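Here the structure is laid out as structure tokens; the discussion comes afterwards.
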Amino acid sequence: MTSKQSSWCCCFSGRPPEITRLAADPIQPIQIDIPMPDDENEIDTKFSEIVAELDVDQAHRDALFNLPSERNGNYIAVKFRTEKCQTPILITLTVYRMYTRVSFDDFKEDQGLEIVDGLKTALRTQPMSFVTRFLDKEGLECLLNFLKRMDFTTMESSIHTSVIGCIKALMNNSQGRAHVFAFPDSVNIIAQSLSTENIKTKTALYEILGAMCLVPGGHKKVLEAMLHYQKYAAERTRFQSLIFDLERSTGRYREEVNLKTAIMSFINAALKYGPGQESLEFRLHLRYEFLMLGIQPVIDKLRNHGNATLDRHLDYFEMMRNADEKQLCSRFENVHVDTKSAYSMFDVLRKKLTMSSAYQNFMSIMQHLILLPFGNDMNIVGLWKVIDQIVQQVVLQQKNGKDPDVGTVEMNVKNIVRQMTSETDLQSLQQKLKDLSKQNEEMESKLAKKDHECEIKNEEKAELAATVTRMVAKLDSQTDLKQVIDKLNMEIEMLKAQLAAKPQDSRISDMVINSCSIPDDAKVRLPTTSSRDDVRNGAIQWFVSGTVWNRLQHEKIEGEEQSSKTSKHKELALIDGRRAQNCTILLSKLKLTNEEVIKAVTDMDSREDLPKDMLEQLLKFVPTTEEIQTLNEHSQEVDNMARADRFLFEASQVFHYEAILKALYFKKKFPERLGDIRPKINAVIDSSNTMMKSTKLRQLLEIILALGNFMNRGQRGNAKGFKLNSLNNMLDTKSSMDRNVTLLHYLVDVLEKRFPKIMPLESELPDVKVASKVNMGELDKEIVVLRSGLSEIEKEIVLFEKQSMHGKVRFVSVMTDFVAVASYNVSEIEEAYTEMINKFKEAAKSFGDISDDSKPDDFFGIMDTFINSINDAKQENERIKQLKEEEERRAKLEEQMRREREKSRMKKGENANGKAGSAKGEFDELISALRTGDVFGEDLSKMRRNRKRAVTPQRENSRERAGAMKTARAILTEQ
């Protein structure tokens, strides 16, 4: 058997069976009379097999089991006839005809198409056993091999469309879908067929891929298949061909709309289902991929087709996008994130991470991205693409470690983060261990040092104890010697007394005494006159003559210490601490020295060193009288003063420092004040003129007057005019049929239909909005401030001219020129102000406001509010019109769906009455629901309700005018 033959031999192994056909007699169905089983258990068993063959859901399964036993027996008989008579012949002929063809190129297209259409019909209508045997005989592999190996001609033919229909029919039951998803690369091979130019084939393919997104486990396979198709078709991105098919025009309206509807249903299914059901990040990620390919302009273009089903998918895409963007904004404190602007996204990230511990990681990412190479080289672009894909994978990966989209690398972000956290904790513990070890070493070193000190102290103590012992011993010996001397002295006295008693023997005694002497060992020195009680034996005598302590120069040491103390100067702070701190901060912002600041003030800031806002701050730090007095008292210690104190001291030495500073600030602030006053005056003058000359406004007021006279006919009718504040009362008059529709809505509707030239009213009154914000009291105060400021400067000029001191000429020359120019400008402002008052009074009088208390903000505020109300009413009318059209389309769609459901029920009933298979399976129903947008119906209705609440204001507490608006419409129509 050749390779081409083996590619189609899918239902038999080895050589094909020999089939003999008679030329004379055609094949006839065999009529077999089957008796109905009598045993109920046998009936239940066979009926269970039939229900299993139908592969229906649980609800239909229960309905079938609840049928009477007689009908179950009829089903068994019909089923037996079908299997015994029709199925073997159909399978045999179909498989034989498929097997006998080496390839479709050897036969006519009609013959190949007939074979594939027959297989598609069989897969749709035959029972589950047929599908099971088809799968067991490798029928799915046969179809996929055909799609994989077909040539260009076959790809563009109807055979290709029918093969896709076979796969679509195969997926109508659970076993077929399971085999399709289980077969390796099956979805990838199906996606390869998107390269065809056949519109019907592409439509079927997008419907299949979209329905796969709704089936569990199919969403990721579809995304992988689109990535496979990107490589297969050598495209830049995986959805490039999809957006191209969505944008291009084929010239055949019906086929084109069907294709674009299938594509949009596929996009919405890919966004909404799978991970997109729960993950906002996934929806934003996938939608951004579509937006980068330019889907938004394409959607705007598709609106021109005017197809209700297609518009429903477009509405769902935009509503889901708006809802996701609002949810994203809520994460960033309702700040809109402009994903088209790199500056905006960077600023949002910077603000979000500035105060977090992750800010250093963010800065590290930025720094390393800067180090990457730049250019259009493919390797460099690929490097940036790898970084992009890895970041996407990190953001999208689920908690269980699964990637909802195609992952660039195999990694579990959660495990990596946990590992990095563990490493961080380990590093922290290691650092703590190092710190504790270091502290332990320091403590051991201190302990050793203390031990050494203790040893020295102990040695010193022992030496002191020995010294004391020696001193005590010496004192004891001296005490003994003193006792001996005292004893000898007593003996001498006694001898002297004896000698005195014997005078005759004096000579002899003298001789004896002179001749006798005390031994040298007994000779001692007589003690001093100080008594023992005056000697301090317990303390050491530090100031003993001749010791080292007696030679120390204490006065010199104390002098050096005193000189070192006086050499350290302490800053002198005289003013309030908080005021001094704020003044120091201001001076540091100026980035000028005290001398430069003072010189800039006295020179009238000729070099523009002092900005306007800094001059305003300097006015807050003008030295007060108490501060000047305190600073002058310490004028000799200027060098020791703090910076703020020294600045205030130097500023106090400038003649009229505060006046110079105020004049300089007034000079710099004058153009800004002039620029604020002049537009307000011009806006009131221009608005007054345009309102008096406006033809559109007069026509509008005429229509409103006519409408009001008609509605108030009777005592309040036939009015010749009305006050302007009555215009805004039109919102209070509501329709009895719809409380959201007011008299103003009706007026706008009439103007658009019958007087379209009046509607762009704001273009004829462009200055009303600015004039409505002009407050006469504030404007008058601003002009008074200008005039009084110039008067103060003129007084200072006169004063400086009388004084003869340094810096006078600069102030006088600069401010004299300024006053001359500024006075002229202020005079112009005053003249314009007078003209404004006259014009406004004239305009107010022309519109019936003759009161003297009328003010521009009240008068023009009424017109501004009325114009805004007209615009809002116009938008609401358009919205109401769109809602009505949408309701009509929805009603038609629901009616169409109801009819289709009725047809589906009838077909299911017929199948339950005898048909073994259904012409439309559950996968077809899923595709149909996806095509019409019914799978998004609940979400779409919810989004529209939310949008309706946001757009439609609730107006309560108003009057009802029953039937008045209907009658008014009829009267104006007759006119």
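Measuring against 21 Å, Cα to Cα, the residue pairs Lys137/Lys231; Lys137/Lys220; Lys669/Lys781; Lys137/Lys168 contain Lys137/Lys231; Lys137/Lys220 as the ones spanning a longer distance. On full extension, the segment bounded by Ser341 and Ser606 gains 91.2 nm, given 0.36 nm per residue less the C-alpha separation.
Expressed in units of 2.2 N^0.38 Å, where N is the residue count, the Cα radius of gyration of the range 782-870 is 1.75.
What is the calculated FRET efficiency for Glu114 to Ala182, with r their C-beta to C-beta distance and R₀ = 45 Å, to the nearest 0.05? List each step's numbers first, then the result.
On the way: r = 30 Å, r/R0 = 0.67.
So, using R0 = 45 Å, E works out to roughly 0.90.
Multiplying the residue separation of Lys487 and Asn729 by 0.36 nm and removing their Cα-Cα distance gives an extension gain of 73.2 nm.
The label-point distance for Glu895 and Asp576, in a model that sets each label 7 Å from Cα toward Cβ, rounds to 8.2 nm. Contact order for the range 188-314, expressed relative to its length and based on alpha carbon pairs under 8 Å spaced 6+ residues apart, stands at 28 percent. Pairs spanning more than 31 Å between alpha-carbon atoms, out of Lys589/Lys667; Lys773/Lys884; Lys202/Lys903; Lys668/Lys841: Lys773/Lys884; Lys668/Lys841.
Using 0.36 nm times the number of residues separating Ser330 and Met378, minus their current alpha carbon distance, what extension gain do you get?
Stretched fully, the Ser330-Met378 segment lengthens by 13.4 nm.
All Cα-Cα separations within the range 592-674 were binned at 5 Å from zero, giving a P(r) of 3, 14, 26, 24, 16, 10, 5, 2, 1, 0, each value a whole percent of the pairs. Length, then width, then depth: along the principal axes, the Cα atoms of the range 274-338 run 38, 26, 20 Å.
The packing ranking of peptides 771-783, 275-287, 380-392, highest mean first, is 275-287, 771-783, 380-392, where packing means the average number of other beta carbon atoms within 10 angstrom of each residue.
Mark the label point 7 Å from the Cα of Gln430 along Cα→Cβ and return the residues of the range 350-388 whose backbone N is within less than 11 Å of it. It comes to no residues whatsoever. Take every pair of alpha-carbon atoms less than 8 Å apart whose residues are at least six positions apart; their mean separation over the length of the range 592-674 yields a relative contact order of 45 percent.
The calculated FRET efficiency for Ser437 paired with Ser357, based on their beta-carbon distance and R0 = 30 Å, is about 0.65.
The packing ranking of peptides 893-902, 295-304, highest mean first, is 295-304, 893-902, where packing means the average number of other beta carbon atoms within 10 angstrom of each residue. When you have a sec, figure out the Kirkwood radius of the range 183-325 from all distinct Cα pair distances and drop it here in Å to one decimal? The Cα-based Kirkwood calculation yields 15.3 Å. Can you compute the label reach from Asp639? Point 7 Å from Cα along the Cβ direction, backbone N cut-off under 16 Å, restricted to the range 593-625. No residues fall inside that zone.
Its relative contact order, with pairs defined as Cα atoms under 8 Å and 6+ residues apart, puts the range 769-871 at 52 percent. Annotated for the range 263-387: lysine pairs at least 8 residues apart or interchain, Cα distance under 24 Å, count 10. For the range 731-832, the list of chymotrypsin sites (Phe, Trp or Tyr not before Pro) that fall in a loop by DSSP and count at most 16 other C-beta atoms within 10 angstrom is empty.
Remark: spin-label model distance Lys753-Asp136 equals 7.2 nm, labels positioned 7 Å along the Cα→Cβ axis. The protection proxy used here, the mean number of other Cβ atoms lying within 10 Å of each residue, ranks peptides 579-591, 217-229, 143-155, 435-447 as follows, highest first: 217-229, 143-155, 579-591, 435-447.
Values in this text are rule-based calculations from the coordinates and carry no lab data. In this text, all values refer to a predicted model and were calculated from it rather than measured experimentally. In this analysis, Cβ positions are derived from the backbone assuming ideal geometry, glycine residues included, and neighbour counts consider all displayed protein chains.
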